[in-house]
Amino acid sequence: MRLCDKDIKIWLNKKKLIITPYPKNEVINGVTLDLHLGNKFRIFYDHIISCIDLTNSQKKIDLDLKNSMSEEEIFSKEKPFFLKPGSLALFSTLESITLPDNLVGWLDGRSSLARLGLMIHVTSHRIDPGWNGNIVLEIFNAGSLVLVLSPGIKIAALSFELLSQSVRHPYNSRYEAKYKIQKGVVPSRIYKE
């Protein structure tokens, strides 16, 4: 069962679902809650290495990823981010999300942005029960024009599905969870340190 707007507000008010900053009423619509683009990003450097061989050891892949990706950078309304056609960049949501162990989140792009060629999550749209932190967005420009992004724009919608019961292993209690209490733009981690 998906939570409707009334239920989302109840869960927020009872602090079963925690979103920081606390969402304004106008971002809760029907069965979704709008999320905004944060002010941090990372990009891939295509001139550092020519490829990432996913058949290598996990440690080697992580080293390649670390060497081929920028440090977390800040952008602003005064200095926006220009996403070229065919480019992928990692961003984070402005909001930090904490889900209880009986609720799963589903992240979806906005249709108005998709019609411009903007994909906000390449494949990872499930937010696990027990999640805590910012959501990293794998933003890809599939269109033919440069898209200008600035912090604070509505970038995605999050819906919530109530599970039949609490999960046995919520994300925040799993040893192998690679992105616990994620803050900002955390790059891919194939290997759990």
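The values are calculated or read from the model by the stated rules, or taken from the named source; none is laboratory data. Computed from a predicted model, the values in this text were never measured in an experiment. Counting neighbours? That spans all protein chains shown, and the Cβs are built from the backbone with ideal geometry, glycine included.
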Candidates G152, G130, filtered to the one that is at positive phi and either in a strand (DSSP E or B) or out of contact with any helix residue (DSSP H, G or I) (no Cβ under 6 Å at 6 or more places or on another chain) (or both)
G152
Within segment 19-38, how many residues turn out to be within 16 Å of the chain's Cα centre (by Cα) and either closer than 23 Å to K183 by Cβ or of a type in the set (D, E) (or both)?
9
Take residues that are out of contact with any helix residue (DSSP H, G or I) (no Cβ under 6 Å at 6 or more places or on another chain), modelled with pLDDT of 90 or more and under 26 Å from W131 (Cβ atoms) and tell me which of the strands (runs of 3 or more DSSP E) falling wholly in segment 1-87 contain 3 or more.
18-20, 32-43
Members of segment 113-148 that are buried (at least 20 other Cβ atoms within 10 Å of the Cβ) and under 13 Å from L37 (Cβ atoms)
I120, N134, I135, V136, L137, I139
Restricting segment 93-112 to residues that are at pLDDT below 95 and not charged (D, E, K, R), the one surrounded by the most Cβ atoms within 10 Å (Cβ to Cβ) turns out to be G109
